Amino acid sequence: MNRVSHRELFCRHPNNPILSVKDWPYEVNSVFNAAAAEVDGGILLLVRVEDFRGISHLTVARSDDGVGNWDIDPEPTLRPDPAGHPEELWGIEDPRITWLQELQKWAVTYTAYSKGGPLVSLVTTKDFKIFERLGSVMPPEDKDAALFPKKFAGRWAMLHRPVARSPYISANIWLSFSPDLKHWGDHLEIIYAREGSWWDANKIGLSAPPIETSQGWLVLYHGVRSTAGGSIYRLGLAMLDLENPAHIINRTDEWIFGPKATYEREGDVDDVVFPCGWVVTDDIVRMYYGAADSCIALATAKLSDLVDCVLKYPASDPHYWWKGG
């Protein structure tokens, strides 16, 4: 078989990291793992912010060019609400933003964390100032969730990553459907973690929300490799069928982006690149990612290059990926 290699498809911005604690208008421990959207001609990031208790909340940062001159809300934009939502007792984390054209609203999925473990919660908003909480939509343990921007056969769809409480079961990406964004069912396991020494063995999860292309839904996911020195978070791509997102068309064997820069390799959690948002303008993809759980960085790529890359890998049934080729 011909060897396929597309390393580091994304190019890091020279101003990285573009946001860190020194930019914040109030005292915090770290800022990272930001959702991203194009709003009113500029870039809006919904940033995970960790305070000095270790509890996270979400804060909006806006920029005309998506690189500098950030206008950051002077206080937390969306705080945990443990009184009304006890599943948020230990914070809210890692948001993803999807524009729902049919509802004329933004939907934000995020991880709520409490004694019961992490789970998926959802809010909607029109202005990122007033939020309507739908509460928990997936039981623990579950995280890394994002919505598709349109319905399939009259139902909304969501990618997410449940984890069984067993060291012998891998963490894979699932697809679920809902008529109303609140009640979810018809759960399907669609993208499997590989086994052995692969870069995405045993534990994977969705990164940014899926992008609709003419070839299918482009999915960015992270793989976690456990080593003697700790875990390494890297990124890969998959392509899902446009009409039936339960059908995986292609998936990269090699990672396409991983921690190399100092700000990605050293921080509160070393060797992590973790995107929760990307924005597409023409053929340019701007990927916003948390680096080492300590700051936010930006990398860009051509959408056409990403699509070409994933489509060059062989198509196969899902169990091909589970067995690792």
Among (1) within 25 Å of V47 (Cα to Cα); (2) free of Cβ contacts under 8 Å to residues at least 40 places away in the same chain; (3) outside any loop (DSSP other than H, G, I, E, B) - the single one Y263 does not satisfy: (2)
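Quick grid of which residues meet (1) over 17 Å from the mean Cα position of the chain (by Cα); (2) assigned to a loop (DSSP other than H, G, I, E, B); (3) farther than 20 Å from A145 by Cβ:
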residue	(1), (2), (3)
E27	yes, yes, yes
L45	no, no, no
V49	no, no, no
R53	yes, yes, yes
A61	yes, no, yes
Residues being in contact with a Gly (Cβ under 8 Å, 6 or more places away or on another chain) and within 21 Å of F177 (Cβ to Cβ) - total across the stretch 113-132: 2
Positions within the stretch 58-97 being under 20 Å from K22 (Cα atoms) and small (G, A, S), in sequence order: A61, S63, G66, G68
Any hit, the stretch 217-230, residues being closer than 25 Å to E102 by Cα and either among the acidic types (D, E) or touching an Asp or Glu at 6+ places or on another chain (Cβ under 6 Å) (or both): no
S197 crowded, with 18+ Cβ neighbours inside 10 Å, of a type outside the set (K, R) and over 19 Å from the mean Cα position of the chain (by Cα): no
Residue tally, condition modelled with pLDDT under 95 and assigned to a strand (DSSP E or B), over the stretch 121-165: 0
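Condition check ((1) surrounded by fewer than 21 Cβ atoms within 10 Å (Cβ to Cβ); (2) assigned to a strand (DSSP E or B); (3) at pLDDT 95 or above; (4) in contact with a Phe, Trp or Tyr (Cβ under 6 Å, 6 or more places away or on another chain)) across all residues:
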| site | (1), (2), (3), (4) |
| --- | --- |
| P275 | no, yes, yes, yes |
| V280 | yes, yes, yes, no |
| G290 | no, yes, yes, yes |
| D293 | yes, no, yes, yes |
| T300 | yes, yes, yes, no |
| D305 | yes, no, yes, no |
| D308 | yes, no, yes, no |
| P314 | yes, no, no, no |
| H319 | yes, no, no, no |
Pairs with Cβ under 6 Å, 6+ apart, first in the stretch 187-214 and under 18 Å from N33 (Cβ atoms), second basic (K, R) and assigned to a strand (DSSP E or B): G205/R161; P209/R96
Restricting the stretch 225-251 to residues that are at pLDDT below 95 and assigned to a loop (DSSP other than H, G, I, E, B), the residue that is surrounded by the most Cβ atoms within 10 Å (Cβ to Cβ): G229
Residue within the stretch 56-78 that is at pLDDT 95 or above, surrounded by fewer than 17 Cβ atoms within 10 Å (Cβ to Cβ), out of contact with any His (no Cβ under 6 Å at 6 or more places or on another chain) and more than 25 Å from V273 (Cα to Cα) present: yes
Some residue of the stretch 45-57 being over 15 Å from G135 (Cα atoms) and free of Cβ contacts under 8 Å to residues at least 12 places away in the same chain: yes
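The values are calculated or read from the model by the stated rules, or taken from the named source; none is laboratory data. Note that the structure is predicted; figures quoted are calculated from it, not measured. Ideal geometry is used to build each Cβ from the backbone, glycine not excepted, and the neighbour counts take in all protein chains shown.
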